[in-house]
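See below for the structure under consideration.
The values are calculated or read from the model by the stated rules, or taken from the named source; none is laboratory data. Fair warning: this is a prediction, and the values are worked out from it, not measured in the lab. All Cβ positions, even for glycine, are placed from backbone atoms using ideal geometry, and neighbour counts span all protein chains on display.
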Amino acid sequence: MTAPDRQNLLRFELYLIKKTYQLFGFKKMLMFIIGLPTVLFTKRNRSAYNFLGKCIMTINNRKITWKHTDIGFIDELILDKIYMPNDSFQIKDDYVVVDAGANVGVFSLFAASYATNGKIISIEADKYDYKRLQENISENNFKNIFSINKALTDESGYVYLSDSVVREPSNKNFHKDNYIFEGKVESISPDDLIKQFKLNRIDFLKLDIEGSEFKIFSNPNWLKIVRIISMELHAESNDPKTLEIKKTLEIFNFSVNLIKDGKITYCFAIKHE
C-alpha cells in the first residue's frame with residue numbers, strides 16, 4: 001500500500017501531486033496544484049480533482065477517459081491492484097462483479113474493461129460521487145455497468161450519511177461533530193440487491209463501505225452465491241469484529257487472508273471449489 005495516511009494532509013497532498021504528474025503529466029499536475037486551496041474549505045480532495053478536466057489512460061488495451069477522477073484510487077485500485085493480491089483474484093471476461101462503495105467508479109470501470117461479457121453492479125451512497133460515477137460510465141459508453149445510488153447495509157430502507165459513512169439516526173448530533181453531513185439516503189441489503197438484479201452468482205465482490213461491512217454479515221446467507229471477496233475492513237486484524245467476519249466466511253467455505261494496513265484490514269476471501 002503505497003499511499004500515505006490520509007490523516008497526514010501535507011504528505012498525502014504531496015503524494016497526490018507526484019502521482020498526478022506520473023499518471024497524466026506536468027500540465028495536469030499544475031491544474032491539481034491550482035485546485036489544492038479548495039481542499040481546505042471542502043475537506044475533500046475531489047474539489048481539487050475538479051480542476052483537472054478530462055484525464056485519459058489505457059486499461060486492458062481500452063482507452064478510458066476520466067471525466068471525474070480520483071488520483072489516489074487510480075493508484076491503489078488500478079496500478080497497485082490492492083483488491084487483487086494474486087492471480088486467483090483476476091477479473092475474467094464473463095464475471096459478475098459487485099462494486100460496493102464505488103465512489104466515482106475507478107474500480108467499476110477497471111472491472112468492466114476486463115469483464116467485457118460480464119456485468120458490473122456499482123453501488124454508491126453519496127449522491128455527489130454517484131453523479132460523477134454515472135458521468136464516467138457514460139463518457140466511456142460502458143453498457144455492462146449498472147449503478148444504483150444507495151448504501152449497502154443490513155436492511156433496505158433509509159440511513160443517514162456523513163463523510164460517506166452511515167451514521168446511526170438515533171445520534172441526533174452526529175452531523176454537528178465536524179462531519180460533512182450528506183443527509184438521508186436509500187439503503188439496500190445484499191439479499192434485496194441480489195433480487196433487484198436477478199443475480200444467481202457473484203464472481204467478485206469488492207467492498208469498501210466505510211464500516212457498514214460489519215452490518216451486512218449479520219445475515220450472511222447471501223454468501224452462498226459469492227465466489228471471491230476483496231474488502232476493506234475498518235478495524236484492525238485482531239479486532240473481534242474482524243475475527244467474527246473471518247469466522248463467518250470460513251463457515252461458508254472461504255479461505256481467508258487478512259492483511260493489516262494501519263488501522264484498517266484488507267480481507268481477501270476465495271471460496272473452495
Exercise. Among (1) more than 26 Å from residue 200 (Cβ to Cβ); (2) within 19 Å of the chain's Cα centre (by Cα), where does residue 98 come up short?
Worked result: (1)
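Residues being in a loop (DSSP other than H, G, I, E, B) and crowded, with 17+ Cβ neighbours inside 10 Å: count how many of those fall in the range 200-209.
So in the range 200-209, the residues in a loop (DSSP other than H, G, I, E, B) come out as 200-201, 203, 208-209.
Subset that is crowded, with 17+ Cβ neighbours inside 10 Å: 203, 208-209.
Qualifying residue count for the region: 3.
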Exercise. With respect to residue 193, is the statement that it is modelled with pLDDT of 95 or more, surrounded by fewer than 19 Cβ atoms within 10 Å (Cβ to Cβ), within 19 Å of residue 108 (Cα to Cα) and in contact with a Leu (Cβ under 8 Å, 6 or more places away or on another chain) true?
Worked result: no
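Could you say whether any residue in the range 104-116 is out of contact with any His (no Cβ under 6 Å at 6 or more places or on another chain), modelled with pLDDT under 95 and not charged (D, E, K, R)?
First, the residues of the range 104-116 that are out of contact with any His (no Cβ under 6 Å at 6 or more places or on another chain): 105-116.
Next, from what is left, pick out any that are modelled with pLDDT under 95: none.
No, every residue in the range 104-116 fails to be out of contact with any His (no Cβ under 6 Å at 6 or more places or on another chain), modelled with pLDDT under 95 and not charged (D, E, K, R).
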Exercise. Quick one: how many residues across the range 76-107 are in contact with an Asp or Glu (Cβ under 9 Å, 6 or more places away or on another chain) and of a type in the set (Lys, Arg)?
Worked result: 1
For this session: Residues being closer than 24 Å to residue 203 by Cβ, hydroxyl-bearing (Ser, Thr, Tyr) and surrounded by fewer than 22 Cβ atoms within 10 Å (Cβ to Cβ): count how many of those fall in the range 122-151.
Result: 1
For this session: Find all pairs meeting these conditions: Cβ atoms under 8 angstrom apart; at least six residues apart or on different chains; first residue within the range 207-227 and of a type in the set (Gly, Ala, Ser); second residue modelled with pLDDT of 90 or more and part of a loop (DSSP other than H, G, I, E, B).
Result: 212/153; 212/154; 218/154
Seminar exercise, completed: Note: among 92, 67, just one is touching a residue at least 40 places away in the same chain (Cβ under 8 Å), in contact with a Cys (Cβ under 9 Å, 6 or more places away or on another chain) and surrounded by fewer than 21 Cβ atoms within 10 Å (Cβ to Cβ), namely 67
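Examine the range 159-175 for a residue that is under 19 Å from the mean Cα position of the chain (by Cα), at pLDDT 80 or above and not small (Gly, Ala, Ser), and state whether such a residue exists. I'd like the intermediate steps shown before the answer.
Here is the first cut: in the range 159-175, the residues under 19 Å from the mean Cα position of the chain (by Cα) are 159-167.
Going one step further and asking which of them are at pLDDT 80 or above, we end up with 159-160.
Subsequent filtering for residues that are not small (Gly, Ala, Ser) retains 159-160.
Yes, the range 159-175 contains a residue that is under 19 Å from the mean Cα position of the chain (by Cα), at pLDDT 80 or above and not small (Gly, Ala, Ser).
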Exercise. Does the range 224-232 include one or more residues that are in contact with a strand residue (DSSP E or B) (Cβ under 6 Å, 6 or more places away or on another chain) and over 16 Å from residue 85 (Cβ atoms)?
Worked result: yes
For this session: Could you tell me whether the range 72-87 includes any residue that is of a type in the set (Phe, Trp, Tyr), more than 23 Å from residue 183 (Cα to Cα), within 15 Å of the chain's Cα centre (by Cα) and in a helix (DSSP H, G or I)?
Result: yes
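Can you pull out every residue in the range 104-121 that is of a type outside the set (A, V, I, L, M, F, W, C), crowded, with 24+ Cβ neighbours inside 10 Å and assigned to a loop (DSSP other than H, G, I, E, B)? If you could, list the steps in order and put the result at the bottom.
Here is the first cut: in the range 104-121, the residues of a type outside the set (A, V, I, L, M, F, W, C) are 105, 108, 113-114, 116-119.
This time we only want the ones that are crowded, with 24+ Cβ neighbours inside 10 Å, so: 105, 108.
Answer for the range 104-121, where residues must be of a type outside the set (A, V, I, L, M, F, W, C), crowded, with 24+ Cβ neighbours inside 10 Å and assigned to a loop (DSSP other than H, G, I, E, B): just 105.
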Exercise. Does residue 255 qualify as being part of a strand (DSSP E or B), within 19 Å of the chain's Cα centre (by Cα) and not aliphatic (A, V, I, L, M)?
Worked result: no
